[in-house]
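Student: Take a look at the following structure, please.
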Amino acid sequence: MSEFSHFSVLLNECIENLNIKPDGVYVDGTAGGAGHSSKIAERLNGGLLIPIDQDEDAIKVISERLAPYGERIKIVRDNFSNIKNVLENLGIDKIDGLLLDLGVSSYQLDTAERGFSYMADAPLDMRMDNRAQRSAYTVINEYSADELKKIIYEFGEERFAPKIVSGIINARPVNTTGELVEIIKKSIPSFARKEEWSSVKRVFQAIRIEVNKELDVIAPTIEAAVNSMNEGGRIVIITFHSLEDRIVKQTFNNLASGCTCPKDFPVCVCGNKPKIKIITKKPILPSENELAVNSRSKSAKLRVAERI
């Protein structure tokens, strides 16, 4: 098993913005290699950390790395979108903080057989949870042309989606990441050949997002966490591309504004009150030092909100 990356993106910024109370209850919804979780656990004294991850390999690593913290830790294998059920099952009413580090982990990218990377030939998989039925093979070989075009346009923002999808349909069955890479490269018009690897990256991103339904779970998770959070509790979220960041920003704005009445209503009739205040008017970005040691942090953005 490849080593989980020790580079936890925006680590100090996350810990600082969580405002950790020694006796508080915190959830790391994407615990991965336990980098962020370890720093949270260090600061607890009488408190509790709930590391959640859906990846079987991640759970093994988390269990090893957080073993020294004993009773401070309750590890759960699940998708963070099920935070409400996770808390109920543990008998926890309220939390004081949630951390989400969205996207694919360095470990998942670096483990070739998982099929996340376009840099190695491997079976088309891309499942963050190997118990899931839908894999990249399913998406590539069983989705209709229209469904594939929609995914690659919307999740990959790829302008050559129709040509790429035609290539995929004509080549089915497509079995490996290497085969998919070659199909994408051959589908790019000659005038855009210099951009072919950018297209490959965008298509792989789009397929991965669809396989794991990554965008669907962000807003509901934020809303569920806010409803389960003590006053003054913090939500700290790292995103890695514009689609994720847009959802986080919009969800924060909705929860901070409260009222959902149409703008032309003279008075509020919905009665919704603001639930959070936004701490980061603009996202926090990685420092020059972090970029120098971890190039994968380049696109990271950190947004923070506080329960009111």
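The values are calculated or read from the model by the stated rules, or taken from the named source; none is laboratory data. This structure is a prediction, so every number in the text was calculated from the model and none was measured. Ideal geometry is used to build each Cβ from the backbone, glycine not excepted, and the neighbour counts take in all protein chains shown.
Student: Between LYS213, LYS186, LYS194, which is surrounded by fewer than 15 Cβ atoms within 10 Å (Cβ to Cβ) and under 20 Å from ASP55 (Cβ atoms)?
Tutor: Numbers: LYS186 fails: under 20 Å from ASP55 (Cβ atoms); LYS194 fails: under 20 Å from ASP55 (Cβ atoms).
Only one candidate passes the filter, namely LYS213.
Student: Look through region 139-152, keep the residues that are in a helix (DSSP H, G or I) and without any contact (Cβ under 8 Å) to a residue 24 or more places away in the chain, and return whichever of them is farthest from SER105 (Cα to Cα). Working first, answer last.
Tutor: Going residue by residue through region 139-152, those that are in a helix (DSSP H, G or I) are 139-142, 145-152.
Okay, now just the ones that are also without any contact (Cβ under 8 Å) to a residue 24 or more places away in the chain, so 142, 146-150.
On the way: GLU142: 26, ASP146: 29, GLU147: 26, LEU148: 24, LYS149: 26, LYS150: 25 Å.
In this case the residue turns out to be ASP146.
Student: Only residues that are among the hydrophobic types (A, V, I, L, M, F, W, C) and surrounded by fewer than 20 Cβ atoms within 10 Å (Cβ to Cβ): list them for region 79-90, please.
Tutor: Here is the first cut: in region 79-90, the residues among the hydrophobic types (A, V, I, L, M, F, W, C) are 80, 83, 86-87, 90.
Across region 79-90, the qualifying residue is only LEU90.
Student: Residue under question is VAL165, and the condition is that it be in the same structural domain as ARG208 (by TED's automatic domain parsing), under 21 Å from the mean Cα position of the chain (by Cα), assigned to a helix (DSSP H, G or I) and of a type in the set (A, V, I, L, M, F, W, C); does it hold?
Tutor: Details: in the same structural domain as ARG208 (by TED's automatic domain parsing): yes; under 21 Å from the mean Cα position of the chain (by Cα): no; assigned to a helix (DSSP H, G or I): yes; of a type in the set (A, V, I, L, M, F, W, C): yes.
So VAL165 fails the test.
Student: Here's a follow-up. Only residues that are among the small types (Gly, Ala, Ser) and either closer than 17 Å to VAL211 by Cα or in contact with an Asp or Glu (Cβ under 7 Å, 6 or more places away or on another chain) (or both): list them for region 139-164, please. Show your work before the answer.
Tutor: In the first step, residues of region 139-164 are kept if they are among the small types (Gly, Ala, Ser); the result is 144-145, 156, 161.
Listed by number, the residues that qualify are SER144, ALA145, GLY156.
Student: If you check ALA300 against the conditions, is it among the small types (Gly, Ala, Ser), at pLDDT 95 or above, touching a strand residue (DSSP E or B) at 6+ places or on another chain (Cβ under 8 Å) and surrounded by 13 or more Cβ atoms within 10 Å (Cβ to Cβ)? I'd like the intermediate steps shown before the answer.
Tutor: Numbers: among the small types (Gly, Ala, Ser): yes; at pLDDT 95 or above: yes; touching a strand residue (DSSP E or B) at 6+ places or on another chain (Cβ under 8 Å): yes; surrounded by 13 or more Cβ atoms within 10 Å (Cβ to Cβ): yes.
Yes; evaluated as a whole, the condition is true for this residue.
Student: Moving on to the next point. Working carefully through the options ILE40, ILE50, ILE15, find the one that is surrounded by fewer than 22 Cβ atoms within 10 Å (Cβ to Cβ) and either modelled with pLDDT of 95 or more or of a type in the set (D, E, K, R) (or both). It would help to see each step written out before you state the result.
Tutor: Numbers: ILE40 fails: surrounded by fewer than 22 Cβ atoms within 10 Å (Cβ to Cβ); ILE50 fails: surrounded by fewer than 22 Cβ atoms within 10 Å (Cβ to Cβ).
After ruling out the rest, the residue left standing is ILE15.
Condition check ((1) assigned to a loop (DSSP other than H, G, I, E, B); (2) without any contact (Cβ under 8 Å) to a residue 40 or more places away in the chain; (3) on the phi > 0 side of the Ramachandran plot; (4) buried (at least 18 other Cβ atoms within 10 Å of the Cβ)) across all residues:
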{"residue": "ASN45", "(1), (2), (3), (4)": "yes, yes, no, no"}
{"residue": "ILE92", "(1), (2), (3), (4)": "yes, no, no, no"}
{"residue": "LEU98", "(1), (2), (3), (4)": "no, no, no, yes"}
{"residue": "MET128", "(1), (2), (3), (4)": "yes, no, no, yes"}
{"residue": "ARG134", "(1), (2), (3), (4)": "yes, no, no, no"}
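Student: Go through region 110-121 and give me each residue that's assigned to a helix (DSSP H, G or I) and in contact (Cβ under 8 Å) with a residue 24 or more places away in the chain. Give the steps one after another, and end with the answer.
Tutor: Residues of region 110-121 that are assigned to a helix (DSSP H, G or I), as a first pass: 110, 112-114.
Hit for region 110-121 is ASP110, nothing else.
Student: Moving on. Do you know which of the residues in region 53-78 that are touching a residue at least 60 places away in the same chain (Cβ under 8 Å) and either surrounded by 21 or more Cβ atoms within 10 Å (Cβ to Cβ) or touching a Cys at 6+ places or on another chain (Cβ under 9 Å) (or both) is nearest to GLU223 (Cα to Cα)? Show your work before the answer.
Tutor: Taking region 53-78 and keeping what is touching a residue at least 60 places away in the same chain (Cβ under 8 Å), we get 54-56.
Now restrict to residues that are either surrounded by 21 or more Cβ atoms within 10 Å (Cβ to Cβ) or touching a Cys at 6+ places or on another chain (Cβ under 9 Å) (or both): 54-55.
Values: GLN54: 20, ASP55: 23 Å.
Per the stated criteria, the residue is GLN54.
Student: Also, quick follow-up: Is region 96-110 home to any residue that is in contact with a helix residue (DSSP H, G or I) (Cβ under 6 Å, 6 or more places away or on another chain), assigned by TED's automatic domain parsing to the domain that holds GLY233 and among the charged types (D, E, K, R)?
Tutor: no
Student: Filter region 259-291 down to the residues that are hydrophobic (A, V, I, L, M, F, W, C) and either more than 23 Å from the chain's Cα centre (by Cα) or closer than 17 Å to CYS14 by Cβ (or both) and list them by number.
Tutor: We begin by selecting, within region 259-291, every residue hydrophobic (A, V, I, L, M, F, W, C); these are 259, 261, 265, 267-270, 276, 278-279, 284-285, 291.
Hits for region 259-291 are CYS259, CYS261, PHE265, VAL267, CYS268, VAL269, CYS270, ILE278, ILE279, ILE284, LEU285, LEU291.
Student: Modelled with pLDDT under 95 and either out of contact with any Pro (no Cβ under 8 Å at 6 or more places or on another chain) or in the same structural domain as SER37 (by TED's automatic domain parsing) (or both): is that true of GLU195 in this structure?
Tutor: Working: modelled with pLDDT under 95: yes; either out of contact with any Pro (no Cβ under 8 Å at 6 or more places or on another chain) or in the same structural domain as SER37 (by TED's automatic domain parsing) (or both): yes.
Against the criterion (modelled with pLDDT under 95 and either out of contact with any Pro (no Cβ under 8 Å at 6 or more places or on another chain) or in the same structural domain as SER37 (by TED's automatic domain parsing) (or both)), GLU195 qualifies.
Student: Are there any pairs, at least 6 apart or on different chains, whose C-beta atoms fall under 9 Å, with the first in region 276-292 and in a helix (DSSP H, G or I) and the second among the basic types (Lys, Arg), and if so, which?
Tutor: LEU291/LYS298
Student: Still on this model: Taking region 1-12 as the search range and keeping residues that are at pLDDT 95 or above and among the aliphatic types (A, V, I, L, M), which one is surrounded by the most Cβ atoms within 10 Å (Cβ to Cβ)? Talk me through it step by step, then tell me what you get.
Tutor: The initial filter retains those residues of region 1-12 that are at pLDDT 95 or above, namely 10-12.
Of the ones still in play, those that are also among the aliphatic types (A, V, I, L, M) are 10-11.
Values: LEU10: 24, LEU11: 17.
For region 1-12, the residue satisfying everything is LEU10.
Student: Just a yes or no: is a residue in region 53-68 in contact with an Asp or Glu (Cβ under 7 Å, 6 or more places away or on another chain), part of a helix (DSSP H, G or I) and under 21 Å from ASP110 (Cα atoms)? Talk me through it step by step, then tell me what you get.
Tutor: The first filter runs over region 53-68 and keeps only residues in contact with an Asp or Glu (Cβ under 7 Å, 6 or more places away or on another chain), leaving 54-55, 59, 62.
Then drop every residue that is not part of a helix (DSSP H, G or I), which leaves 59, 62.
This time we only want the ones that are under 21 Å from ASP110 (Cα atoms), so: 59, 62.
Yes: one or more hits.
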